[in-house]
Amino acid sequence: MKPADSAFRGERAMGEYKHFGLETDRDGIVWLTFDRAGSSTNTFSTEVMQELNAVLDELAVRRPRGLVIRSGKASGFIAGADIEEFTRIASTEEALAIVRRGWDTFNKLAAMPFPTAALVRGFCMGGGLELALACRYRIAVDEPGTRFALPEVMLGILPGWGGVMRLPRVVGPSAALDMMMTGRPVDARRAKRIGLADASVPSRVMDNTARIMVLEAPAPRELPLKDRLMNGPLKPVVARLALRQLEKKARREQYPAPYAILELWLKHDGDPFGPGKDDPASIAYLAQHPTTRSLVRIFGLQERMKSLGKESDFTALRVHVVGAGTMGGDIAAVCAMRGLAVTLQDQSPERLAPAMKRAAELFRKRVRDKLRARDAMDRLIPDVAGDGARHADVIIEAIFENLEAKRELFARLEQVAKPTAILATNTSSLKLADIGTALANPARLVGLHFFNPVPQMQLVEVVRGERTDPRWAREGAAFVRQIDKLPLPVKDAPGFLVNRVLGPYLLQAFRLVDEGVAKETVDAAATRFGMPMGPIELADTVGLDICAAAGKSLVGEGAAMPASLSTLIDAGKLGKKTGEGFYRWVRDKPEKGPGGEPSEDLIDRLMAPYLAEAKKVVEEGIVADADLADAGLIFGTGFAPFRGGPLHYIAQRGA
């Protein structure tokens, strides 16, 4: 980029840089535009950070009236550190050098003797937020894509460029610890409410807002007295309460990063060089921890899955969903929330009403803006007659699992659908080859298998049948990415990947209960291993009748059902949806007894069928390779992320 035409007070123009453009306006404010060369996203590589240092050194000499840092990318502000560079780190010394470079650079920015502001439009993640925190002011552009987050904990590390030190001083320890220890983002309006942003404004006035703020240079917002006390004498109390909550959610030996963040704030005021190299709160300790390597690996797998949605330029504007049950209704709601026009079809308004009510509640919780929630609701149209199918770019069938019913439906849909529309089934147990016999052109049929609860689960299995044209499968994957889900291509086989692996795992859990092992102990064995939920609680959540039907589709009608499962189904106790299954459910939570402490042998017995089946699906080519199987089972079943995936875990154990 070229330097500004004008210079400060008639002096020479500033130097040219590869990744940064500098312009000086008539008020003497420097506008520093970060536009990383050769990349669609702004990230901090070693080269970028060295260049930023040089820019700051020049600005320190020039002393402009103020500085505004903004992005030259349409994709967002700054995504953080260059993860590719991070994955190539070979030693703790290299990790510490990267931390030192960012720490020193942002401390230099924070010490500038003139007003500095970060103008944030789009994502502001990790090191991007740490740069913004090093500025005196932060202006957030009030758009749906603007998000602030410190997601380092999700990679098994901590914000080492000043985030642990500065964020609690800016927003108070409660909000700061929540952001840092969970990685959860906040939008522009919430950022303004908690004090992270000094202003939240529409894009049309963003530049002027930044200019006025730098020129007027108001005193930075002072924390309320309560937060100042929590950052000071009440720090140990805050830390104890946070630790108590953390211990309920994550085990220290499995996920050390959130514990390290808490201790770094409590004992070292966020200075990443305060702890010794062997201290569990140190970057050196985290960098070499197996969990960190596994979580960085998972990040890479996630990026690979995202890339699978880029093999087609297909973009949908309209979606038609048939079936307003829990799955169909939630699929429709998610599509509407992502900006698509959606028609939702079922046999009567009474069948559509619960889905519309759930959608309204989802928009209220997720969108957190009345106008945007209203807009999303306006995009979701009840459609008893099914007229929306004629105009849709994607048609998704989500009715009950009955082969003849699905065949009849697709025969009708094919007659009215646009020739360019994707025809997709959400079946979890039927083969596409069998459903497709009703179609004149079965090559159009693709499986888009979502998981419950749809708003929370990222994975969608993109099923390619024997006769599915690869083009339609690619377009299906592109649609999955369009609605911000992760596509996983799988072959048309019973259970596909996720249900195929979950089946033997759930069956083993039922058998253990039949043997007399307490259901609570079986669930505790799974969570001790690192699963997010025990298999018995999972079966109750999914529905015991659905588990039984899925089991029959995998092993055949003649297979004996576990006695514990059979007894409950015969009694009409189908799990959460009926209020009782293996557990009694009160206010959507299972009532659990104490159970017993699971032994290592019990954990191994429970997980063995899961691991064995995961290995088989790769050998049979249900998924392309072990890495994609790991990704699918992590994002589809919650397989213990700190273990890096079942196939990775098997390889690491050597068994």
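The values are calculated or read from the model by the stated rules, or taken from the named source; none is laboratory data. Values in this document were obtained by computation on a predicted structure and should not be read as measured data. Counting neighbours? That spans all protein chains shown, and the Cβs are built from the backbone with ideal geometry, glycine included. Side chains included, ligands, DNA and RNA excluded: accessible areas come from the protein's heavy atoms. Shrake-Rupley method; radii C 1.70, N 1.55, O 1.52, S 1.80 Å.
Some notes on this structure:
- Looking only at the range 609-652, and only at residues there that are more than 26 Å from residue 258 (Cβ to Cβ) and of a type in the set (Asp, Glu), the one that is least open to solvent (accessible area, probe 1.4 Å): 613
- Qualifying helices (runs of 4 or more DSSP H) (wholly inside the range 276-372; at least 1 residues being more than 22 Å from the chain's Cα centre (by Cα) and either basic (Lys, Arg) or closer than 29 Å to residue 94 by Cα (or both)): 283-287, 349-367
- Top-ranked residue of the range 38-84 - restricted to ones that are in contact with a Phe, Trp or Tyr (Cβ under 9 Å, 6 or more places away or on another chain) and of a type in the set (D, E, K, R), ranked as surrounded by the fewest Cβ atoms within 10 Å (Cβ to Cβ): 63
- Among residues of the range 457-512, those that are part of a loop (DSSP other than H, G, I, E, B), of a type in the set (A, V, I, L, M, F, W, C) and either touching a strand residue (DSSP E or B) at 6+ places or on another chain (Cβ under 8 Å) or closer than 13 Å to residue 635 by Cβ (or both), counted: 3
- Condition check for residue 414: of a type outside the set (Phe, Trp, Tyr) and open to solvent by 60 Å² or more (accessible area, probe 1.4 Å): no
- Among the numbered conditions (1) open to solvent by 50 Å² or more (accessible area, probe 1.4 Å); (2) within 34 Å of the chain's Cα centre (by Cα), the only one that residue 407 does not meet is (2).
- Contact map, the range 210-239: first residue within 16 Å of residue 170 (Cβ to Cβ) and open to solvent by 70 Å² or more (accessible area, probe 1.4 Å), second residue among the small types (Gly, Ala, Ser) and not in a helix (DSSP H, G or I), Cβ cut-off under 7 Å, separation 6 or more or different chains; pairs are 221/195.
- Taken together, the criteria exclude residue 384 from residues that are more than 30 Å from residue 552 (Cβ to Cβ), surrounded by fewer than 20 Cβ atoms within 10 Å (Cβ to Cβ) and in contact with a helix residue (DSSP H, G or I) (Cβ under 6 Å, 6 or more places away or on another chain).
- Scanning the range 94-122 for residues that are assigned to a helix (DSSP H, G or I) and either open to solvent by less than 10 Å² (accessible area, probe 1.4 Å) or at positive phi (or both) yields a count of 5.
- Boolean, residue 165 is among the aliphatic types (A, V, I, L, M) and touching a helix residue (DSSP H, G or I) at 6+ places or on another chain (Cβ under 7 Å): no
- A search for C-beta distances below 6 Å between a residue of the range 158-177 that is within 15 Å of residue 220 (Cβ to Cβ) and any residue that is among the aliphatic types (A, V, I, L, M) and surrounded by fewer than 24 Cβ atoms within 10 Å (Cβ to Cβ), counting only pairs 6+ apart in sequence or on different chains, returns 171/194; 172/223.
- Residue within the range 547-562 that is open to solvent by 40 Å² or more (accessible area, probe 1.4 Å), under 30 Å from the mean Cα position of the chain (by Cα) and of a type in the set (S, T, N, Q) present: no
- Looking across the range 531-546 at every residue that is farther than 15 Å from residue 592 by Cα and open to solvent by less than 30 Å² (accessible area, probe 1.4 Å), the one that is farthest from the chain's Cα centre (by Cα) is identified as 544.
- Number of the exception - residue 320 against (1) modelled with pLDDT under 95; (2) open to solvent by less than 10 Å² (accessible area, probe 1.4 Å); (3) not acidic (Asp, Glu): (1)
- Against the numbered list (1) in contact with a Pro (Cβ under 9 Å, 6 or more places away or on another chain); (2) touching a residue at least 60 places away in the same chain (Cβ under 8 Å); (3) assigned to a helix (DSSP H, G or I), residue 267 comes up short only at (2).
- Residue count for the range 399-420, restricted to those that are over 20 Å from residue 317 (Cβ atoms) and not in a helix (DSSP H, G or I): 4.
- Residue match in the range 90-107 (condition: hydrophobic (A, V, I, L, M, F, W, C) and under 25 Å from residue 207 (Cβ atoms)): yes
- Members of the range 623-655 found to be more than 25 Å from the chain's Cα centre (by Cα) and of a type in the set (A, V, I, L, M), listed by number: 650, 651, 655
- Subset of the range 563-590 (residues that are open to solvent by less than 90 Å² (accessible area, probe 1.4 Å) and part of a strand (DSSP E or B)): 575, 580, 585, 586, 590
- Applying the condition of being under 24 Å from the mean Cα position of the chain (by Cα) and of a type in the set (Lys, Arg) to the range 472-499 and asking which residue is least open to solvent (accessible area, probe 1.4 Å) yields 485.
- Odd one out for residue 469 among (1) surrounded by fewer than 22 Cβ atoms within 10 Å (Cβ to Cβ); (2) in contact with a Ser or Thr (Cβ under 7 Å, 6 or more places away or on another chain): (2)
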